[in-house]
Amino acid sequence: MINVTPMLTDNMHIIHCCAEDKFTIKNTNYTGPILVSRENIQQWDIESDVLWSKFDLLTLAPVFAVEQKYDILLIGTGSRQVFFPPSLLWRIREQGPVAEVMSTDAACRTFSLLLAEGRRVAAALLPIGWLTKV
């Protein structure tokens with residue numbers, strides 16, 4: 001028999017739970033939007049009624065400011081997926097990572113899976129209960 005369980009280390013920030021207004025990572029609750037990677041978790045300073053049509057690279061500046069570079073950037077947009085214009089996805093790609101935009105619960109599941117696979121991934125996550133406008 002072959003063990004296919006991914007090797008998880010103590011320093012990995014696996015997301016265990018996402019709720020209306022918080023996330024649970026390694027038995028610690030984080031309230032509000034967060035930016036998370038293998039090495040780091042930080043609050044994401046973004047308005048609770050974010051207007052997605054005004055979303056730009058400046059909104060993601062904290063992700064690009066870190067020394068560690070990522071291949072994939074997951075953007076969790078709350079309870080439903082918001083479709084970004086291709087021009088914004090291309091501008092994010094020019095900064096390095098491929099951006100994947102999805103609902104927050106899907107982004108949390110995908111982040112933990114990619115992290116367990118050893119991929120260089122970061123996630124910008126809005127809580128599920130946040131109101132978002134297109």
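Just so it is clear, none of the values below were taken in a lab; they were calculated from the coordinates. Every value quoted in this text rests on a predicted model; they were computed, and no experiment measured them. Because the Cβ atoms are built from the backbone with ideal geometry, glycine has one as well, and the counts that use them run over all protein chains shown.
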Could you give each residue of region 71-78 its phi-based ³J(HN,Hα) in whole Hz, using Karplus coefficients 6.51, -1.76, 1.60 with θ = phi - 60°, and x for Gly or Pro?
8, 10, 10, 8, 10, x, 9, x
Hey, in the GNM for the chain with a 10 angstrom Cα cutoff, which one of 115, 74, 57 fluctuates hardest?
57
In a GNM of the chain with a 10 Å cut-off on Cα contacts, which of 94, 20, 67 has the highest mean-square fluctuation?
67
Each residue of region 118-130 in order: what ³J(HN,Hα) in whole Hz does its phi give by Karplus 6.51 cos²θ - 1.76 cosθ + 1.60, θ = phi - 60°, with x for Gly and Pro?
x, 6, 8, 10, 10, 9, 10, 10, 8, x, 4, x, 6
Hey, what angle do you get for helix 104-116 against the long axis of the chain, alpha-carbon based, 0 to 90 degrees rounded to 10?
40 degrees
Have a look at 97, 33, 85 and tell me which one the Gaussian network model of the chain (Cα, springs below 10 Å) gives the largest fluctuation.
85
Based on DSSP H runs of at least 4 residues, each adding -39500 (n - 2.57), what is the mean residue ellipticity at 222 nm of the chain after dividing by all its residues, to the nearest 500 deg cm²/dmol?
-5500 deg cm²/dmol
Residue 109 label point, 7 Å along Cα→Cβ, cut-off 19 Å on backbone N: hits in region 9-33?
14-25
Note, residue 106: beta-carbon cut-off 15 Å, +1 each Lys/Arg, -1 each Asp/Glu, net 0
I want the antiparallel fraction of DSSP beta bridges within region 30-126, as a percent rounded to 5.
40 percent
If you take the alpha carbon radius of gyration of region 30-126 and divide it by 2.2 N^0.38 Å, what ratio comes out, to two decimals?
0.97
Amide H neighbours of residue 75 at under 5 Å, excluding residues fewer than 5 places away on the same chain, with H built from the backbone geometry, are 100, 101, 102, 124
